Amino acid sequence: MNSTIKISFFSTALAILALPAVAQNSTTPTPVTAQTVQQRKENQQDRIGQGVKNGELTAGETGHIEKKEAAINKEEHAMAAADNGKLTAADKAKITRQQNQLSKQIYRDKHNGAEQNTQPKSEIGKREENQQDRIAQGIKSGQLTAGEAAHLENNEAKINREVKQDRAANGGKLTPEERKQVNRQLNHESHQVYRAKHNGRRQ
């Protein structure tokens, strides 16, 4: 009888001692992982790629957004490097705030009325649209990093501005020499798109 009571008492005491540990585990925040941050980045890139593809985002807007995305990525890598490859809860909170701001920027740019022409009639316009489709595919597939996409789209925006200025100076048309120059620039840009998509770096 006495031994049964002792065993019962001992079991109860062990259970009571274990309660703080159980309570502590139930309130411990979920560990911060790079995967949750990565999922958020992929979602943003999908939205950007879709905006490029359907013309809601111009080359200039995309270049601006992707530059910000690249800056966030760079900061994230620095944070992880400072903590043995992991992100702290504070790191995650900071990145989340930055991604929230960028998300609002993507929404505003996609709904501000400025659009990239997705049904051009001119040869130059069709080539520019083809480049945008290739960039959009690279963004969505992860073949283009945010930094690479920003660089390519800034180049595209520069070409677009030049074409617009040349046409304005010539009654809405490009001269044969201007057309040759733009085609050379687009050829160079096409090679850059290819190299960036096949250099092994991924978002």
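Since every read-out is calculated from the coordinates, none of them should be taken as a lab result. Since this is a predicted model, take the numbers as computed values, not measurements. Here Cβ is always computed from backbone atoms with ideal geometry, including for glycine, and neighbour counts include all displayed protein chains.
Summary of values
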read-out	value
Space enclosed by the convex hull of the alpha-carbon atoms of segment 151-203, per residue, Å³	61
Percentage relative contact order, segment 34-197, counting C-alpha pairs under 8 Å, at least six apart	33
Cα-only radius of gyration and Dmax that characterise segment 34-197, units Å	17.7, 60
Candidates per trypsin sites (Lys or Arg not before Pro) in segment 54-149, loop by DSSP, up to 15 other Cβ within 10 Å	K86, K121
Per-residue ³J(HN,Hα) for segment 138-153, Karplus 6.51 cos²θ - 1.76 cosθ + 1.60, θ = phi - 60°, Hz, x for Gly and Pro	x, 5, 5, 7, x, 5, 10, 6, 4, x, 5, 4, 4, 4, 5, 6
Filter on K164/K197; K104/K164; K121/K180 - keep pairs with C-alpha separation over 19 Å	K164/K197; K104/K164
Full-extension gain in nm, N130 to A114, via 0.36 nm per residue minus C-alpha separation	3.9 nm
C-alpha center-to-center spacing [segment 142-179, segment 98-121] in angstrom	18
Residue among G113, N100, A89 farthest towards the positive dipole end of segment 89-134, charges placed on Cβ	A89
